[in-house]
1. Could you run through segment 89-113 and say how many residues are without any contact (Cβ under 8 Å) to a residue 24 or more places away in the chain and crowded, with 22+ Cβ neighbours inside 10 Å?
2. Please state which one of V199, V152 is touching a residue at least 40 places away in the same chain (Cβ under 8 Å), assigned by TED's automatic domain parsing to the domain that holds G50, surrounded by 16 or more Cβ atoms within 10 Å (Cβ to Cβ) and not in a helix (DSSP H, G or I).
3. Report, by residue number, each residue of segment 155-170 that is of a type outside the set (G, A, S), surrounded by 15 or more Cβ atoms within 10 Å (Cβ to Cβ) and assigned to a helix (DSSP H, G or I).
4. C209 is checked against (1) under 18 Å from the mean Cα position of the chain (by Cα); (2) free of Cβ contacts under 8 Å to residues at least 40 places away in the same chain; (3) farther than 20 Å from E135 by Cα and fails just one. What number does that condition carry?
5. Among the listed residues A246, A226, A193, A234, identify the single one that is part of a helix (DSSP H, G or I), closer than 29 Å to E160 by Cβ and either modelled with pLDDT of 95 or more or of a type in the set (A, V, I, L, M, F, W, C) (or both).
6. Every residue in segment 134-149 that is part of a helix (DSSP H, G or I) and touching a residue at least 40 places away in the same chain (Cβ under 8 Å), please.
7. Could you grab me the full set of residues in segment 26-44 that are touching a strand residue (DSSP E or B) at 6+ places or on another chain (Cβ under 8 Å), in a loop (DSSP other than H, G, I, E, B) and of a type in the set (G, A, S)?
8. Say whether the condition of being modelled with pLDDT of 95 or more and either outside any helix (DSSP H, G or I) or aromatic (F, W, Y) (or both) is met by at least one residue in segment 171-179.
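The values are calculated or read from the model by the stated rules, or taken from the named source; none is laboratory data. Since the structure is predicted, the reported quantities are computational estimates derived from the model, not experimental observations. Using ideal geometry, Cβ is built from the backbone for each residue, glycine included, and neighbour counts are taken over all protein chains shown.
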Amino acid sequence: MAKETSPVNSVPVIQPAGAACETCPAHHAANLLRLGVNVSDCDFVVALAGNPNTGKSTVFNALTGLRQHTGNWPGKTVTRAEGAYSYGQKRYKIVDLPGTYSLLSTTLDEEVARDFILFGQPDVTVVVVDATRLERNLNLVLQVLEITDRAVLSLNLMDEARRHQLQVDDRRLARDLGIPVVPMSARRGEGIADLLRAVHEVATGATVCNPHRLQSEPAGLKRAVAQLVTQINAVYPGLPNARWVAMRLL
């Protein structure tokens, strides 16, 4: 295998010897190891992302129970929480990413979250949102969906939404986003079983996500992106999400 270095934050990239099979995990084991996550003891890797104060840590605790530990990201002062659970005879490792409002900013927390999703390529990214502040939270959701096709939306704090007499059409939201949406209240234990099932189905390929993205781009932008992607692939063969990197550089 040939070792390369990525153009964003110097995340090493290992070019695999062969193409992955359709049923193989999607995560990039070599990059995850360099990001501090050992995947030798699990079948699938789940990233848990979300804005601060969405109940993300409560979701993490509900999924992992006591099977969790904390540490720092390699070379960073940012804390990493990591846990494990089993479902459907599969072993899952879940990584609680730093709470962030955007993947496009340059704060340390946001860089950690972005690089994990972008280069680690987790099998599923669960984005936790506050059902009472959905419009503000959707910015991060849409950014995540520009990077990965394998995502689940955790529509958390539904109990608060009901208390404020807010109605959220989760079915329409799922249709509009093109990914599974799970209404839940993690602190009450509501929706946890549904979230476990949704994550399992995406990880195993039983559910195929189809995120809705920008369909029409100016011809000049398309040409510029295509040219830059070609250059990136020439210098960094096997770089995950080269198109996203090209768009970011432009």
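1. Narrowing segment 89-113 to residues without any contact (Cβ under 8 Å) to a residue 24 or more places away in the chain: 89, 98, 105-107, 110.
Narrowing the set further to residues that are crowded, with 22+ Cβ neighbours inside 10 Å leaves 98.
Residues meeting the conditions: 1.
2. Numbers: V199 fails: not in a helix (DSSP H, G or I).
After applying the criteria, what remains is V152.
3. We begin by selecting, within segment 155-170, every residue of a type outside the set (G, A, S); these are 155-160, 162-170.
Narrowing further to those that are surrounded by 15 or more Cβ atoms within 10 Å (Cβ to Cβ): 155-160, 168, 170.
Answer for segment 155-170, where residues must be of a type outside the set (G, A, S), surrounded by 15 or more Cβ atoms within 10 Å (Cβ to Cβ) and assigned to a helix (DSSP H, G or I): M158, D159, E160, D170.
4. Status for C209: all satisfied but (2).
5. Values: A246 fails: closer than 29 Å to E160 by Cβ; A226 fails: closer than 29 Å to E160 by Cβ; A234 fails: closer than 29 Å to E160 by Cβ.
Every option except A193 fails the conditions.
6. Just the residues of segment 134-149 that are part of a helix (DSSP H, G or I), to begin with: 134-147.
Answer for segment 134-149, where residues must be part of a helix (DSSP H, G or I) and touching a residue at least 40 places away in the same chain (Cβ under 8 Å): R136, N137, L140, Q143, V144, L145, E146, I147.
7. G36
8. Checked against the condition, which is being modelled with pLDDT of 95 or more and either outside any helix (DSSP H, G or I) or aromatic (F, W, Y) (or both), segment 171-179 yields at least one hit.
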